[in-house]
Number of protein chains: 2
Amino acid sequence: MSLPRIAIDAMGGDEGVRVMISGAALARRRHEQFKFLLVGDEARIKAALAEHPGMAGASEILHCEDVVGGEERPTQALRRAKTTSMGLAINAVKTGDCGAAVSAGNTGALMAMSKLALRTMPGIDRPALAALIPSLGDNDVVMLDLGANTECDARNLVQFAIMGAAYSRIVTGKDAPRVRLLNIGTEDIKGTGDIQDAAALLREATGLSMQFEGFVEADKISRGEVDVVVTDGFSGNIALKAIEGSARFVTDLLKNAFASSLRSKIGFLVSRPATELLKHHLDPNNHNGGVFLGLNGVVVKSHGSANMQGVANAVEVTARLLEEDLTDRIVADLAELGEDRLRDNGAAAK
Amino acid sequence: MSLPRIAIDAMGGDEGVRVMISGAALARRRHEQFKFLLVGDEARIKAALAEHPGMAGASEILHCEDVVGGEERPTQALRRAKTTSMGLAINAVKTGDCGAAVSAGNTGALMAMSKLALRTMPGIDRPALAALIPSLGDNDVVMLDLGANTECDARNLVQFAIMGAAYSRIVTGKDAPRVRLLNIGTEDIKGTGDIQDAAALLREATGLSMQFEGFVEADKISRGEVDVVVTDGFSGNIALKAIEGSARFVTDLLKNAFASSLRSKIGFLVSRPATELLKHHLDPNNHNGGVFLGLNGVVVKSHGSANMQGVANAVEVTARLLEEDLTDRIVADLAELGEDRLRDNGAAAK
């Protein structure tokens with residue numbers, strides 16, 4: 001089966017057209033079946049393509065001049081869905097011209113445009129943004145929602161669990177990923193009513209392709225004991241940014257400490273392989289690709305400041321989601337849970 | 001003015017009586033005016049005191065046999081407020097025998113018992129748990145609430161801001177600490193209605209001893225750009241634990257990396273002063289002492305796994321709060337804001 005082509009919003013991101021095109025080209029050097037629709041300013045895309053002769057037969061350019069700004073409000077961006085590179089990339093997924101879209105642009109605008117153009121899947125009330133978090137375990141942890149939905153009820157959280165598990169199965173290859181709800185304690189009585197209700201629903205469910213293991217506290221996300229962390233968009237965003245900020249805080253402290261004396265500087269030079277390993281493990285470019293789950297189509301958000309390697313990773317994640325048919329997996333699990341049952345229990349639990 | 005004595009729950013914490021007594025004794029060696037009421041098993045306290053002759057004239061023992069368990073539900077612990085070391089330590093504050101209580105025991109039970117015995121201050125609806133977070137700046141950051149209140153409205157958040165600023169003034173010596181509300185973005189439209197309402201109230205208020213500077217995202221908590229971070233107990237607990245977990249993740253990775261080759265091991269040995277500096281900065285014992293704000297009396301939670309140094313820090317924080325009269329400062333700022341005004345606006349904003 002041939003892989004559907006991937007629409008690349010060439011204009012989004014802080015690093016510009018060159019990084020988006022180079023990233024796509026790098027991914028293609030590793031997977032020669034990849035094909036692209038490159039959306040954005042034709043002259044700049046052509047200039048970037050000149051460095052990648054292998055891309056000539058594998059990509060088509062869709063020219064447009066309008067670009068969604070990084071600080072633009074989603075509602076404002078929505079009005080230019082037909083003229084911007086982001087809007088046109090998503091539209092190519094809607095029409096079936098492409099299988100998926102990748103953008104490094106404004107996350108809120110990307111979510112709003114994707115939702116409006118692609119609509120949520122049958123059985124899903126709200127899409128969610130999922131990302132991969134590094135861990136001490138064998139694989140990255142899937143965490144969702146990361147900011148698409150500020151407030152969520154039990155029903156939303158159960159749907160996020162199903163979507164996150166489907167994504168984790170593709171990323172980790174596990175048949176039944178370990179799923180937990182983010183909470184402020186592991187006892188049954190902890191957290192909001194919605195979290196407790198979601199836990200009850202997931203505990204009772206049978207036949208799902210996951211192991212639901214209750215609650216996880218935020219200091220245990222990266223210990224390698226969980227594959228999927230489910231939460232509302234507010235807490236998820238707080239947790240993700242706290243993790244990023246704290247990792248940067250520690251590495252900044254380390255840098256200052258190593259610069260504090262000649263002896264430390266020498267130690268740093270000698271141990272460079274170790275600190276490079278650390279840097280590699282923490283580099284967000286190695287875990288790049290936030291995925292919008294729950295839409296009729298695959299949309300991947302590459303980090304705004306991702307480098308060529310980061311964009312290539314986002315493109316490769318996108319291709320795997322297409323190959324493994326993420327959407328079908330979610331539909332199958334929703335059927336297993338019994339959508340009506342979820343609706344009834346969710347309503348009763350309110 | 002002589003300092004009121006401090007009640008020490010000698011039985012709480014994972015490390016036992018010896019650590020609590022040694023910690024108090026260490027604090028007393030630095031500040032000889034400190035006096036204590038040591039609450040718990042007399043024989044074990046006496047055994048621990050034997051190593052600290054200086055404590056003889058500075059401490060009295062209040063014997064009891066009952067102890068609140070680490071996993072006990074707060075409601076269950078409440079029934080034994082009159083028999084447990086934690087309950088009796090708090091009661092000594094209520095009767096005026098002591099100025100403050102320090103415990104390393106069960107946080108939920110400590111909060112519930114303190115609230116019931118000491119009641120909230122006039123003008124404060126709910127007490128909050130505040131702690132100090134290390135930062136790249138000149139001083140630690142005060143963050144609250146950290147888990148006492150799972151859900152909070154605008155009015156609660158404004159009160160937390162006032163209490164956090166009063167605590168920060170004592171810790172940092174600044175006249176007007178920089179206060180921000182934790183949110184998932186810095187634009188006005190971000191977050192829940194309660195957060196937006198709280199921001200509006202704080203922006204309009206004049207005469208408060210703080211600079212209110214809007215929102216802060218969780219990755220900026222430790223950058224040194226803010227003195228007080230205000231949030232509900234759910235998000236605060238998530239943020240605090242995510243920060244702790246991520247710092248431990250990075251240091252674990254670093255340890256693994258340094259152990260990965262002989263060269264790295266040598267580098268580690270040479271740069272030990274640098275890594276020790278890092279360890280010192282991240283050691284929770286150096287930032288120990290969660291404070292319950294908003295009660296008629298000072299109650300400080302020492303970390304359950306704190307060592308002697310950590311307990312000493314918690315005792316010293318307690319003494320500073322007594323010396324600087326935290327409670328009076330909060331009352332003065334509430335008067336400045338106009339308690340009725342807060343009530344009216346808070347209600348109107350709902």
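Has the range B:282-292 got any residue that is at pLDDT 75 or above, at negative phi, outside any helix (DSSP H, G or I) and not small (Gly, Ala, Ser)?
yes
Residues being without any contact (Cβ under 8 Å) to a residue 40 or more places away in the chain and either touching a strand residue (DSSP E or B) at 6+ places or on another chain (Cβ under 9 Å) or on the phi > 0 side of the Ramachandran plot (or both): count how many of those fall in the range B:86-112.
Of all residues in the range B:86-112, those without any contact (Cβ under 8 Å) to a residue 40 or more places away in the chain come to B:87, B:91, B:95-96, B:108, B:112.
Filter again for either touching a strand residue (DSSP E or B) at 6+ places or on another chain (Cβ under 9 Å) or on the phi > 0 side of the Ramachandran plot (or both), leaving B:87, B:91, B:96.
Total satisfying the criteria: 3.
Looking at A:Ala198, A:Ala148, which is the one that is in contact with a strand residue (DSSP E or B) (Cβ under 7 Å, 6 or more places away or on another chain), assigned to a helix (DSSP H, G or I) and crowded, with 23+ Cβ neighbours inside 10 Å?
Result: A:Ala198 is the single residue among A:Ala198, A:Ala148 that is in contact with a strand residue (DSSP E or B) (Cβ under 7 Å, 6 or more places away or on another chain), assigned to a helix (DSSP H, G or I) and crowded, with 23+ Cβ neighbours inside 10 Å.
Check off (1) at positive phi; (2) in the same structural domain as B:Val216 (by TED's automatic domain parsing); (3) not basic (Lys, Arg) for B:Asp194 and give me the number that stays unchecked.
For B:Asp194, the failing item is (1).
Which one is nearest to A:Ile238 (Cα to Cα), of the residues in the range A:154-189 that are within 14 Å of chain B (Cβ to nearest Cβ) and either of a type in the set (Asp, Glu) or surrounded by fewer than 20 Cβ atoms within 10 Å (Cβ to Cβ) (or both)?
A:Gly185
Considering only residues that are part of a helix (DSSP H, G or I) and either polar (S, T, N, Q) or surrounded by fewer than 20 Cβ atoms within 10 Å (Cβ to Cβ) (or both), which ones fall in the range B:299-315?
B:Met308, B:Gln309, B:Asn313, listed by residue number.
What are the pairs with Cβ atoms under 9 angstrom where one residue, in the range A:136-156, is on the phi > 0 side of the Ramachandran plot and the other, located anywhere, is assigned to a strand (DSSP E or B) and surrounded by 24 or more Cβ atoms within 10 Å (Cβ to Cβ)? Sequence gap at least six, or different chains.
A:Gly147/A:Leu129
Got at least one residue in the range B:215-224 being within 13 Å of the chain's Cα centre (by Cα) and of a type in the set (Val, Ile, Thr)?
no
What pairs can you find where one residue is in the range B:242-266 and basic (Lys, Arg), the other is outside any helix (DSSP H, G or I) and exposed (fewer than 14 other Cβ atoms within 10 Å of the Cβ), and their Cβ atoms are less than 8 Å apart, with a gap of 6+ or different chains?
As it stands, the answer is B:Lys265/B:Ala259, since those pairs meet every condition given.
Identify all residues within the range A:190-203 that are at the interface with chain B (Cβ under 10 Å from one of its Cβ atoms) and farther than 23 Å from A:Ile243 by Cβ; write none if there are none.
Selection gives A:Gly193 alone.
Considering only the range B:106-142, state which residues are surrounded by fewer than 24 Cβ atoms within 10 Å (Cβ to Cβ) and within 21 Å of B:Gly304 (Cα to Cα).
Residues satisfying the conditions are B:Thr107, B:Gly108, B:Met111, B:Ala112, B:Lys115, B:Ala131, B:Leu132, B:Ile133, B:Pro134, B:Asp140.
Conditions: (1) away from chain A (no Cβ under 14 Å); (2) crowded, with 24+ Cβ neighbours inside 10 Å; (3) assigned to a loop (DSSP other than H, G, I, E, B). B:Thr206 meets all but one. Number of the miss?
Evaluating B:Thr206 over (1) away from chain A (no Cβ under 14 Å); (2) crowded, with 24+ Cβ neighbours inside 10 Å; (3) assigned to a loop (DSSP other than H, G, I, E, B) leaves (2) as the failure.
Check B:Val93, B:Val142 and return the single one that is among the aliphatic types (A, V, I, L, M), modelled with pLDDT of 95 or more and under 19 Å from A:Ala242 (Cα atoms).
B:Val142
Count, please, the residues in the range A:324-350 that happen to be part of a loop (DSSP other than H, G, I, E, B), under 17 Å from A:Met210 (Cβ atoms) and either modelled with pLDDT of 75 or more or of a type in the set (Phe, Trp, Tyr) (or both). Full working, then the answer.
First, pick out the residues of the range A:324-350 that are part of a loop (DSSP other than H, G, I, E, B): A:324-325, A:338, A:350.
Going one step further and asking which of them are under 17 Å from A:Met210 (Cβ atoms), we end up with A:324, A:338.
Retained after the next criterion (residues that are either modelled with pLDDT of 75 or more or of a type in the set (Phe, Trp, Tyr) (or both)): A:324.
Matching residues across the range A:324-350 total 1.
So B:Asp41 passes all but one of these: (1) touching a His at 6+ places or on another chain (Cβ under 9 Å); (2) within 19 Å of B:Asn307 (Cα to Cα); (3) among the charged types (D, E, K, R). Which condition number does it fail?
It is condition (2) that B:Asp41 fails.
Give the number of residues within the range A:211-259 that are more than 7 Å from chain B (Cβ to nearest Cβ), assigned to a helix (DSSP H, G or I) and buried (at least 20 other Cβ atoms within 10 Å of the Cβ).
Residues that pass the stated criteria total 3.
The values are calculated or read from the model by the stated rules, or taken from the named source; none is laboratory data. Keep in mind that what you see is a predicted model, and the values were worked out from it rather than measured. With ideal geometry, Cβ positions are generated from the backbone for all residues, glycine too; neighbour counts draw on all protein chains shown.
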